[in-house]
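The values are calculated or read from the model by the stated rules, or taken from the named source; none is laboratory data. Owing to the predicted nature of the structure, the values given are computational and were not obtained by experimental measurement. Cβ atoms come from the backbone with ideal geometry, glycine included; neighbour counts cover every protein chain shown. Areas reflect the complete protein model, heavy atoms only, side chains present, ligands, DNA and RNA absent. Shrake-Rupley method; radii C 1.70, N 1.55, O 1.52, S 1.80 Å.
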Amino acid sequence: MRYITYLAIGIFFGIIMFKSEAASWFRIYEMFQFGSFHMYGIMGSAVVIGIIGVQVIKQRNIKPIDGDKMNLEPKDKGVTRYLFGGILFGLGWALAGVCPGPMYVLAGAGYVSVLIVIVGALIGAFLYGLLKPKMPH
Amino acid sequence: MNIIYEPWPWYIGGPLIALVMFLLLFAGRKFGMSSNLRTACAAMGAGKVADYFNYDWKSKRWNLMVVLGAIIGGFIASHFMGNSAVAINPKVAQQLAEDYQITSAGESYLPPEIFSVEALGDPFIIAVLLVGGILVGFGARYGGGCTSGHGVSGLSNLQIPSLIAVIGFFIGGLIMVHLLYPLIFA
């Protein structure tokens, strides 16, 4: 039953990604050309509402439906992994024009080519797992 | 504005993404679309060769359900929710046509020059998609998150590591589009 909830949230997310055009290669390219406010507006408004909501959750100590506390642990400290991992991610994001949420949405929309991006992402995650002990973090 | 059939403006899309994050938080989980890559690798047996995949991935099966949902959501939106042509800034569209012969802005959702089945006849296009995917997967796991996990969840929780990662996303993206595209796609 809980899995149906996650499935429903995923469907909702997929529709939002597609209809807001956040899954479009053109919008990603346009963002990196500073050609429109669209993507900045999506990210910015999500974050502003997110910050307000997270503050309310913390101050009122709101709990999840059947758990003890919200999944809001602080991230591990560090700079190297976030900066270099982030840059590699950004290079791929702009090269394929796809990031990890939209790639599934686009596969569902029928873009067969995106399956290659997904396979690549799985290979990339696997390579990271192999190389993790040797990478600076 | 017809909310079903017209493209959604940013002030609809952004708040709804925040809503998805809150729904997952209230379900006791968190919003981040790249942790499923680790879960999928672990489920396929990658734990045999790398410790990174030796963890209780079965407790993370929920994020594979979110993935399945995202696939279904993409199908529903593209098939039943109207025209999916994306109209970007005309100046950017013109520049794409002049510099890279990508002339489909305003007519399609993704450029068929890269994403059509016919384009897969070109090994160069396959390499672009594959290398792009590898960088996304590797970078997301090395950096500990992607546009959703750091860009939305992490920034919403005022996490400095997420701010560093998001700055990294933009450095990488700007390098790719402004410095490497002319070399790769010229």
Relative contact order (percent, whole number), the stretch B:54-162, Cα cutoff 8 Å, 6+ residue spacing: 12 percent
FRET efficiency, residue B:178 to residue A:48 (Cβ-Cβ, R0 30 Å, nearest 0.05): 0.60
Net charge over other residues, Cβ less than 15 angstrom from the Cβ of residue B:164 (K, R count +1; D, E count -1): +2
Over 27 Å between alpha carbons, listed pairs A:132/B:58; A:77/B:60; A:77/A:132: none
Centre separation in Å (Cα based) which lies between the stretch B:70-93 and the stretch A:65-125: 20 Å
Peptide-level mean, for B:88-100, of C-beta atoms on other protein chains within 10 Å: 4
Distance histogram for the stretch A:2-134 (every C-alpha pair counted, 5 angstrom bins, percent rounded to whole numbers): 2, 8, 12, 16, 18, 19, 15, 8, 2, 0
Test item: A:31-44 mean partner chain Cβ contacts at 10 Å: 6
Of B:49, B:86, B:136, the one that fluctuates the most in a GNM where chain B has Cα springs shorter than 10 Å: B:49
At R0 = 30 Å, FRET efficiency that the Cβ-Cβ distance of residue B:127 and residue B:80 yields, to 0.05: 0.30
Relative contact order (percent, whole number), chain B, Cα cutoff 8 Å, 6+ residue spacing: 23 percent
Chain A - accessible surface per residue (Å², probe 1.4 Å): 42 Å²
Estimated translational D of the protein assembly as shown in µm²/s (Stokes, Kirkwood radius over Cα pairs; 37 °C; 0.692 mPa s): 168 µm²/s
16 Å cut-off, amide nitrogen to a point 7 angstrom out along residue A:131 Cα→Cβ, residues in the stretch B:141-168: B:141-145
Accessible area buried, both sides summed, chains B and A with 1.4 Å probe, Å²: 10400 Å²
For chain B, calculated [θ]222 nm from helices alone, where every DSSP H run of n ≥ 4 adds -39500 (n - 2.57): -17000 deg cm²/dmol
Efficiency of FRET from Cβ geometry, residue B:158 and residue A:34, R₀ 35 Å, rounded to 0.05: 0.85
Separation between Cα centres of the stretch B:3-24 and the stretch B:113-186, rounded to whole Å: 22 Å
Inter-chain Cβ neighbour average for residues B:2-13, partner chain, 10 Å: 5
Highest average packing first - B:120-131, A:8-19, Cβ atoms within 10 Å: A:8-19, B:120-131
